Amino acid sequence: MSVFCGIDWAESHHDVALVDQEGQLLAKRRISNDLAGYQLLLDLLAEYGDSPETPIPVAIETSSGLLVAVLRTGKRKIFAINPLAAARYRDRHGVSRKKSDPGDALVLANILRTDMHAHRPLPDDSDLARAITVLARAQQDAVWARQQVSNQVRSLLRDYYPVALDAFLGKQGGLTRPEARAVLALAPTPTTAARLSLPRLRSALKQAGRSRGIDAEAERLKTALRAEQAHQPALVEEAMRQQLLSLLTQLDAACLAVNDLTEALEASFRQHPDAEILLSFPGMGVQLGARVLAEMGDDRARFADARALKAYAGSAPITRASGKKRFVGRRYIKNNRLTNAGHQWAFAALTASPGAAIHYRGRRERGDWHAQAQRHLFNRMIGQLYHCLQTRKVFDEQHAFTSVSADLTAAT
């Protein structure tokens, strides 16, 4: 007898439903979100025939968490059903629009019973690949958070301390540089900046980690920070000083988080056997390669072919046709993190690969906008990456872009 399990996930408890091939409800339980509840679930599955050889498939509306980790053992297939898709299936079982947690668990179980072939189970990635996924997403989130705080600092400085922006924004890293944060903490207002001496500036630069050109940089900062500018009223300037110091505390923490996560991410990524292949591609650095690996995973059976991977990455166009109307455009349903990494990869490849540059120019000459040509280049290169990972070969420019004429022909 075929049995299917649906779990309606919640923070404090989970509702479980088991159905057979005919759609008959075999059992339903509410389990707690702790070890005792997980054990109760496993015992319930075993009671209805679950075994390491023939595990019962499970549908749930999340792909992470301890419950999923407990269930992802052996050959069991876990299907993470999108809540929007589950809501559409709910309408098949009743038109009254009633909703309950046990009812949702039953709907999820019936999704597997009727349409398991239309849903993709969670990939069977290695533990190292899943660890890289956690680190890569956390590092990217930390970078975004750092930029958000940096933008707040920039907006505040523009309102009362514009000479500081002129002093630091021209440098790589801008306000996130250790030197910029150290000097701003030392002189958070134009009034205090005007009283800064060269020895104090040199000391701040040394504490920030600068080892060369300290005297010249201190002279530059002294001149820049003492430039003429308009001033806010004294009380307002003091209030903005307090706000700036608070934002600098947040910015320091965000920068520290980015540095720690980046170090851990790069160390984990270099241990993965796919790292050598990913780093062989032009424009692919360690952090970017880690992000691509994190979203693709290392389950070779996850994607049926290169087209499936391209659709998942959002690089392949989608066609909408009805009657005489036909529209070809970009995808909106995709892995946004992989798409973001792909655009950065394609942009970096333009200067690192002659074939990639020719391919991009060919698309532009045929009328593509910059984003379209870049997406088309990403579409081609991620197909090459799929081939290299499947065949365990590193990137070869001569085989990837055979000649100028051949590449321009293929770009049509």
TODO: Scan segment 330-373 for chymotrypsin sites (Phe, Trp or Tyr not before Pro) in coil per DSSP, keeping those whose Cβ has at most 10 other Cβ atoms within 10 Å, and list them by number.
DONE: Tyr332, Trp369
- [ ] Choose one of Tyr312, Ala371, Ala357: the residue whose Cα lies farthest towards the positive end of the charge dipole of segment 309-412 (beta-carbon charges +1 Lys, Arg; -1 Asp, Glu; about the Cα centre).
- [x] Tyr312
Task: Accessible area of the chain belonging to carbon and sulfur atoms, whole % at 1.4 Å probe - done: 53 percent
Open item on the list: If I model a spin label at Ser32 and Ala216 as a point 7 Å from the Cα along the Cα→Cβ vector, what separation in nanometres do I get?
Closed with: 6.7 nm
Task: Overall Cα dimensions of segment 130-268, principal axis frame, Å, largest first - done: 53, 34, 20
- [ ] Starting from the Cα of Lys310, draw a straight line to each of the lysines and keep only those under 30 Å, dropping any in the same chain fewer than 8 residues away.
- [x] Lys75, Lys77, Lys324, Lys325, Lys334, Lys393
Task: Cα pair distances exceeding 30 angstrom across the chain, given as percent - done: 60 percent
TODO: Distance between Cα centroids, segment 313-348 to segment 355-406: provide it in whole Å.
DONE: 16 Å
Open item on the list: Could you tell me which residue out of Ser322, Gln384, His399 lies farthest along the dipole of the chain toward its positive end? Charges go on the beta carbon: Lys and Arg +1, Asp and Glu -1, centred on the Cα centre.
Closed with: Ser322
Task: Per residue, in Å², the accessible surface of the chain once ligands and nucleic acids are set aside, probe 1.4 Å - done: 53 Å²
Open item on the list: Show me the chymotrypsin sites (Phe, Trp or Tyr not before Pro) within segment 1-75 that DSSP assigns to loop and that have at most 12 other Cβ atoms within 10 Å of their Cβ.
Closed with: none
Task: Those trypsin sites (Lys or Arg not before Pro) in segment 22-120 that DSSP places in a loop and that have at most 12 other beta carbons within 10 Å - done: Lys75, Arg92, Arg97, Lys98, Lys99
Task: Theoretical ellipticity at 222 nm over the chain - DSSP helices of four or more residues, -39500 (n - 2.57) apiece, nearest 500 - done: -18500 deg cm²/dmol
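The values are calculated or read from the model by the stated rules, or taken from the named source; none is laboratory data. Predicted model only: the values in this text are computed from it and were never measured. Glycine gets a Cβ as well: all are built from the backbone with ideal geometry, and neighbour counts include every protein chain shown. These accessible areas exclude ligands, DNA and RNA; they are computed on the full protein's heavy atoms, side chains included. Shrake-Rupley method; radii C 1.70, N 1.55, O 1.52, S 1.80 Å.
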